[in-house]
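Everything on this sheet refers to the single structure shown next.
The values are calculated or read from the model by the stated rules, or taken from the named source; none is laboratory data. Nothing here was measured: the structure is a model prediction, and the numbers come from that model. Here Cβ is always computed from backbone atoms with ideal geometry, including for glycine, and neighbour counts include all displayed protein chains.
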Amino acid sequence: KEMTVRDALNSALDEEMSADPKVFLMGEEVGEYQGAYKISKGLLEKYGPDRVLDTPITEAGFTGIGVGAAYYGLRPVVEFMTFNFSMQAIDHIINSAAKSNYMSAGQINVPIVFRGPNGAAAGVGAQHSQCYAAWYASVPGLKVLTPYSSEDARGLLKAAIRDPDPVVFLENELLYGESFPVSDEARDSSFCLPIGKAKIEREGKDVTITAFSKMVGYSLKAAEILATEGISAEVINLRSIRPLDRSTINASVRKTNRLVTVEEGFPQHGVGAEICTSVVEESFGYLDAPVERIAGADVPMPYAANLERLAVPQVEDIVRAAKRACYRSVALAAAA
Amino acid sequence: KEMTVRDALNSALDEEMSADPKVFLMGEEVGEYQGAYKISKGLLEKYGPDRVLDTPITEAGFTGIGVGAAYYGLRPVVEFMTFNFSMQAIDHIINSAAKSNYMSAGQINVPIVFRGPNGAAAGVGAQHSQCYAAWYASVPGLKVLTPYSSEDARGLLKAAIRDPDPVVFLENELLYGESFPVSDEARDSSFCLPIGKAKIEREGKDVTITAFSKMVGYSLKAAEILATEGISAEVINLRSIRPLDRSTINASVRKTNRLVTVEEGFPQHGVGAEICTSVVEESFGYLDAPVERIAGADVPMPYAANLERLAVPQVEDIVRAAKRACYRSVALAAAA
Amino acid sequence: MSFSATKLAQPLTLNTTALITKQEGLEVYEDMVLGRTFEDMCAQMYYRGKMFGFVHLYNGQEAVSTGFIKLLKKEDSVASTYRDHVHALSKGVSARAVMSELFGKKTGCCRGQGGSMHMFSKEHNVLGGFAFIGEGIPVATGAAFTSKYRREVLKEADCDHVTVAFFGDGTCNNGQFFECLNMAALWKLPIIFVVENNLWAIGMSHLRATSDPEIWKKGPAFGMPGVHVDGMDVLKVREVAKEAIGRARRGEGPTLVECETYRFRGHSLADPDELRDPAEKAHYAARDPITALKKYLLENNLASEPELKAIDKRIDELIEDAVEFADESPFPARSQLLENVFADPKGFGIGPDGRYRCEDPKFTEGTAHV
Amino acid sequence: MSFSATKLAQPLTLNTTALITKQEGLEVYEDMVLGRTFEDMCAQMYYRGKMFGFVHLYNGQEAVSTGFIKLLKKEDSVASTYRDHVHALSKGVSARAVMSELFGKKTGCCRGQGGSMHMFSKEHNVLGGFAFIGEGIPVATGAAFTSKYRREVLKEADCDHVTVAFFGDGTCNNGQFFECLNMAALWKLPIIFVVENNLWAIGMSHLRATSDPEIWKKGPAFGMPGVHVDGMDVLKVREVAKEAIGRARRGEGPTLVECETYRFRGHSLADPDELRDPAEKAHYAARDPITALKKYLLENNLASEPELKAIDKRIDELIEDAVEFADESPFPARSQLLENVFADPKGFGIGPDGRYRCEDPKFTEGTAHV
Ligand SMILES: Cc1ncc(C[n+]2csc(CCOP(=O)(O)OP(=O)(O)O)c2C)c(N)n1
Ligand SMILES: Cc1ncc(C[n+]2csc(CCOP(=O)(O)OP(=O)(O)O)c2C)c(N)n1
Ligand SMILES: [Mg+2]
Ligand SMILES: [Mg+2]
């Protein structure tokens, strides 16, 4: 049986709100409008305006309010209409949320979830298309999750809401409408995924491809194409960027000896750079080829559809990179 | 003849303001107070309150105002009392400044400098000690400079002010009072350093150490210690994090075959990760040992002096890492 | 503490008789029809898949854009939001250039790089469409700062340029709005803050979002005149605009103007628009600013039916032409992807021969297609 | 638009005679002396190198902290800024715990991890010292939101807790202040916004930073009562505080209180304090709130000289004891470096045996010393 990512998120919210009256949702248009992307559909009717709180357009203000509410053990879920807008609230995410448990020596933990669509959508231009995974996942005190499938969405959102620490939960607008099969187990209201564990979406032995969010789907498609050409790719859905599941990644690379990292964000200081470095740190001797890093182009997102397509990784880019990784040996690289 | 970094910055500002009436300084306490760290000492008296503008405490507001002024070809220098506070203005740095030249297809360039102390100071706790180099240097449209010495400070600040693009200029509070020899050439008002060029502060052949800002000094000290133990370290002062001088870094690693990266910021998605990855991309076959990444501890900065010392790299950490890199071969790593 | 808030707290009362000459009347009418017709065409083109992403139309609010912008000089500046097509048109950007931009074509005012929410025109001093709430306000304030700086520091005595910042009711709860009211008043900047209060921020009613719905009152609270005006009446808007622009131009400081208006369509073309009361919509539809102006012009013998029809027709043709132009224009070249990130891309892979960096395959490491 | 701003715009007039019982008077006196003596000792200790970084003292402003906080219940919350020692003390955190924190010792209220600008106490509902301008205001508003939520959603009928947010005049130009005034009024939250207007923000005079220096007026502008009070008179502050706290507790919503006060020292211990006029300093020194209270207590026969002297002495001893305690306390253990980053550090290198991650050398890749 299938379920869209939208329904997965909606049901996860619903179940956690129903299980714990301390959980509430706040943000712009989450109530009467049912969410800009309808993730909160039906929740206002069910839980009322005190628990599904429409806020004025004050990212700094309402995020800080959410954080303050979490100081006292409420469990706010703060929706950013898109994560781009979280830039106006980033001081609270970093200082008031991420650092408080440490500064207070564990007296004040901050069980809050910041969620909303992240990264490139379609045709929305330079300001609305940025990926914030690398920024947030550089910050001690934050956990950063990036669901891909409906199972991810349900299991990780429920985990995030139950977690005692601040979690940045990065969704993807273009996945909201996608359907994925969801097992009975994953439909159960007790379902929950562990934070910090990657999922091997497809096993393989020739090359490891790491990806998160929408790029997992692209990587799976690339793996299919590669299979027809005799290359067996292992696709890792990172699920969590912080903590990063270094052991799953390294175990895979120790098996395949080749690594391609895929992300839609900007390349410099990106998730790919971190993964490459952690593999160099832990499995240097196992690498048979330079790591191939696929990322968004190092430009603000252009509006024009043809340029936009060029600015984010496509399936064929992943295929090409994987092939490069497979055909190029250390010796060759040294000669390059 | 020596000059402090403070005087280097002050003289660079003074000369550029004197050379171009479109250059002005704005920020909190830059005028009557002469700057929270006295970088703007004497400028109010010399250029008056219209060009040395004390602002209310409104990082979002005054940064946006600076950006708007730059749209029309004024050349604002926006001082953040510390770069930590730039989080409240980051939307304007990223969206209004960095992306406008692109979105407007080159119609509106933004010649603005955002400057102030960045990173850890001493005893100022978790909120006042963050390094923003990696965040800003991930963003297309921004240039990010990190001076170390007085020559750097003068040459890079003058370059930043003259540059037609937005420049994030990351100083270090603990360096302000340090003195460095400054050549006559570098004292000349025409002096200017190229943006995007690293400087080899010390040549060596056994291991490359990359660093920026205060860590350059630490790396040089480490190199001295290493020299006494027969290890010849090449120390690269990055000067510019974006653009990153990949060719200087790679050329050095192709010579030494070993790399240690040093920074005070958080490790994940940091400058070290990017450097490691760019070396893996370009010089994989030349690496004889895993890259050693030295960074700040993955924790908010603690206040207590003894913990604070543990949280940022010390000279001995660099020495130890360089030795690890030198003694460990590929084969050893593979067996680890 | 010499500033008296209460004195300014009275909305100005206006006398709208004989407010406009025939020529002005026709110009104003034409600009409003241009805005309306352009936006209607955008809706069509969006549904035909010619434009994409978020497209926010301006229908119903034309009196505000026209009322203010047509009184500006070319050197004066305008800052807008994601709902920016019509501000750009009023300021003089051609319908062709805007439509092409929306089609994502090379002939667009930003060569297809900006898109619906990001209209820029250096020539026409359109400072940009700012897609984030509040962003445009400080940038506009900075432009006003520049005018003052040019006059007072650069000694350009004739620089009396003013800046107009447009934004919505929902934006007036955002901190940047207040920060800039304060600084603009403190520094007496030549800016007009124009709130287009269309009563809704997407699906959030203004009354649910704000503790004191009378936005104009924030003017006096921050040391500047605050004015409320019927934003469906272009002549009233013009009167208020004239006074505010004059004040700014004379160096007497900023004004906050709240225009009560209404959008006749959903928030964006993706908005199902289910929350607004049909009665409310009907109420404002009956106050259509174009219909009202038409009536005024006819009743005051400032224009004849055929004259107005001729304008309607000319605009229809102009928009048809813009669509055709946009449709036939080429897509941006692949090289544009990497251009314009920097005014000076030195260090970012530009070749030693000075050739542009997009020629250099090493420019964007980690890039997808390049 | 039923809310009338003008009605609330009148500062409350107060009658300060017989405002306090003997016991209250002595408690208030003791708290103010505690704050003053503690801060004076901090200055000494800073110059002796026992504490470091930025240390912002509260001398001169004691009437505000004492006037408000001593009227609070333990369950009520307080949010502060970098100038937070005395708020923590008034709220009940021991001088030992605060002093030790400043010394960077394990026995500090945050085990040395917070420091001067970041006092937290869960037990005493000190929500934190927030070192960034404005930050504490939304967090405090969120705490007030929680009180309301607990009463209305969690049905804790007796939850009438209120929150008091303290911040400075300079902070009142920052957008977050206004965003929260709006939301607190809109949602009728049990919060009191207390502005400690000491006329200066570091070296920026309030008059140079704001277009309307009367901060209390922003209350009515945002739909809540605004009150101005002499912040050097603890009895007046108490009266205003009582009313505002009562209003919040009864669920009648927020209040903005502007306390006119003065800091007797530089902005921080690193501030040369060269810009403030000596005459201004002298003027406020003459209004020392502790001297004033002392005079009042004596004149009204609420206390005798020896009684007050005894308090002074007790406090002196308390502070001496705090210093001794802090001095003798151990430094934080090395293991603290990696503790408390998360309440649940699972995934961050915690061992399979459940032992804390700081034991695991692989926890922080890229770490300096560990
Ligand atoms: C910082 C930020 N937060 C949220 C949004 C999403 N958003 C886009 S338009 C809008 C409503 C704006 O309402 P208003 O200011 O009244 O302008 P209108 O659309 O009515 O013209 C919101 C919340 C945004 N663009 N930027
Ligand atoms: C966002 C931010 N910007 C700048 C600063 C630096 N800063 C620290 S205190 C201060 C002045 C604050 O003045 P005020 O609000 O009047 O409080 P006071 O210090 O007088 O108690 C400034 C600008 C900061 N801490 N946070
Ligand atoms: Mg609106
Ligand atoms: Mg102050």
Practice prompt. Working only within the range A:6-30, note down all residues that are within 14 Å of chain C (Cβ to nearest Cβ) and over 15 Å from residue A:50 (Cβ atoms).
Written response: A:28, A:29
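So, in the range C:188-198, exactly how many residues are out of contact with any Asp or Glu (no Cβ under 6 Å at 6 or more places or on another chain) and within 8 Å of ligand 1 (Cβ to nearest atom)?
Matching residues across the range C:188-198 total 2.
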Practice prompt. Please verify whether the range A:201-208 includes one or more residues that are surrounded by 24 or more Cβ atoms within 10 Å (Cβ to Cβ) and either in contact with a Ser or Thr (Cβ under 7 Å, 6 or more places away or on another chain) or over 30 Å from residue A:107 (Cβ atoms) (or both).
Written response: yes
Response to the item:
Scanning the range B:46-61 for residues that are within 12 Å of residue B:27 (Cβ to Cβ) and either among the aliphatic types (A, V, I, L, M) or outside the structural domain of residue B:16 (by TED's automatic domain parsing) (or both) gives B:52, B:53, B:57
Fill in: Subset of the range A:29-63 [closer than 21 Å to residue D:150 by Cβ and within 16 Å of ligand 3 (Cβ to nearest atom)]
A:54, A:55
Discussion item. Suppose the filter is modelled with pLDDT of 95 or more, within 14 Å of chain D (Cβ to nearest Cβ), crowded, with 24+ Cβ neighbours inside 10 Å and away from ligand 1 (no atom under 14 Å from the Cβ); does residue C:179 pass it?
Written reply: yes
Fill in: Out of A:94, A:65, A:39, sole residue that is facing another protein chain (nearest Cβ under 8 Å) and either out of contact with any Gly (no Cβ under 7 Å at 6 or more places or on another chain) or among the polar types (S, T, N, Q) (or both)
A:94
Worksheet item: For residue B:215, all conditions in the list (1) within 26 Å of residue B:19 (Cβ to Cβ); (2) touching an Asp or Glu at 6+ places or on another chain (Cβ under 8 Å); (3) touching a residue at least 40 places away in the same chain (Cβ under 8 Å) hold save one; what is the number of the exception?
Response: (1)
Discussion item. Tell me yes or no: at least one residue of the range D:305-314 is under 30 Å from residue D:180 (Cα atoms), modelled with pLDDT of 95 or more, buried (at least 17 other Cβ atoms within 10 Å of the Cβ) and not polar (S, T, N, Q).
Written reply: no
Worksheet item: Of all residues in the range D:178-236, how many are among the aromatic types (Phe, Trp, Tyr) and within 16 Å of ligand 2 (Cβ to nearest atom)?
Response: 4
Worksheet item: How many of the residues in the range B:246-303 are over 22 Å from the mean Cα position of the chain (by Cα), assigned to a loop (DSSP other than H, G, I, E, B) and within 7 Å of chain A (Cβ to nearest Cβ)?
Response: 1
Worksheet item: Just for strands (runs of 3 or more DSSP E) wholly inside the range B:111-190: which have at least 3 residues that are aliphatic (A, V, I, L, M)?
Response: B:167-171
Worksheet item: Is there a residue being at pLDDT below 95, part of a loop (DSSP other than H, G, I, E, B), surrounded by fewer than 24 Cβ atoms within 10 Å (Cβ to Cβ) and more than 25 Å from the chain's Cα centre (by Cα) anywhere in the range B:56-72?
Response: yes
Practice prompt. Search the range C:33-78 for residues being part of a helix (DSSP H, G or I) and free of Cβ contacts under 8 Å to residues at least 40 places away in the same chain, and hand back the single one that is nearest to the other protein chains (Cβ to nearest Cβ).
Written response: C:44
Practice prompt. Could you tell me which numbered condition residue A:85 fails, if it satisfies all but one of (1) within 14 Å of chain C (Cβ to nearest Cβ); (2) among the aromatic types (Phe, Trp, Tyr); (3) crowded, with 24+ Cβ neighbours inside 10 Å?
Written response: (3)
Worksheet entry | Failed item, numbered, when residue C:243 is tested on (1) of a type in the set (Asp, Glu); (2) away from every other protein chain (no Cβ under 14 Å); (3) within 12 Å of ligand 3 (Cβ to nearest atom) | (3)
Worksheet, complete the sentence: Residue count, the range D:147-175, condition touching a residue at least 12 places away in the same chain (Cβ under 8 Å), away from ligand 4 (no atom under 16 Å from the Cβ) and either buried (at least 24 other Cβ atoms within 10 Å of the Cβ) or not in a helix (DSSP H, G or I) (or both), comes to 8
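For the range A:250-265, which positions are in contact with a helix residue (DSSP H, G or I) (Cβ under 8 Å, 6 or more places away or on another chain) and surrounded by 24 or more Cβ atoms within 10 Å (Cβ to Cβ)?
Scanning the range A:250-265 gives A:253, A:258, A:259, A:260, A:261, A:262, A:263, A:264, A:265.
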Worksheet entry | Of all residues in the range C:79-104 being more than 12 Å from every other protein chain (Cβ to nearest Cβ) and among the β-branched types (Val, Ile, Thr), the one that is farthest from ligand 3 (Cβ to nearest atom) | C:98
Item to complete: Take residue D:172 and decide whether it is touching a helix residue (DSSP H, G or I) at 6+ places or on another chain (Cβ under 9 Å) and more than 8 Å from every other protein chain (Cβ to nearest Cβ).
Response: yes
Item to complete: Would you mind stating whether residue D:125 is more than 7 Å from every other protein chain (Cβ to nearest Cβ), among the polar types (S, T, N, Q) and either within 16 Å of ligand 2 (Cβ to nearest atom) or closer than 22 Å to residue A:99 by Cα (or both)?
Response: yes
Worksheet item: Between a first residue in the range C:192-213 that is part of a helix (DSSP H, G or I) and a second residue that is within 16 Å of ligand 4 (Cβ to nearest atom), which pairs have beta carbons less than 9 Å apart while being 6 or more apart in sequence or on different chains?
Response: none
Response to the item:
Only one of D:210, D:261 is under 17 Å from the mean Cα position of the chain (by Cα), buried (at least 19 other Cβ atoms within 10 Å of the Cβ) and either within 14 Å of ligand 4 (Cβ to nearest atom) or more than 14 Å from chain B (Cβ to nearest Cβ) (or both), namely D:261
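Quick one: would you say residue D:31 is at pLDDT 95 or above, acidic (Asp, Glu) and buried (at least 19 other Cβ atoms within 10 Å of the Cβ)? Don't jump to the end; show me each part of the working.
Values: at pLDDT 95 or above: yes; acidic (Asp, Glu): yes; buried (at least 19 other Cβ atoms within 10 Å of the Cβ): yes.
Spelling it out, residue D:31 is indeed at pLDDT 95 or above, acidic (Asp, Glu) and buried (at least 19 other Cβ atoms within 10 Å of the Cβ).
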Item to complete: Test residue D:230 against the criterion of being under 30 Å from residue B:30 (Cβ atoms), of a type in the set (Asp, Glu) and either without any contact (Cβ under 8 Å) to a residue 60 or more places away in the chain or within 16 Å of ligand 1 (Cβ to nearest atom) (or both), and give yes or no.
Response: no
Practice prompt. Working carefully through the options C:184, C:157, find the one that is assigned by TED's automatic domain parsing to the domain that holds residue C:53, more than 16 Å from ligand 3 (Cβ to nearest atom), among the hydrophobic types (A, V, I, L, M, F, W, C) and modelled with pLDDT under 95.
Written response: C:157
Item to complete: Sort out which residues of the range A:170-214 are within 14 Å of chain D (Cβ to nearest Cβ) and β-branched (Val, Ile, Thr), and write them in order of number.
Response: A:195
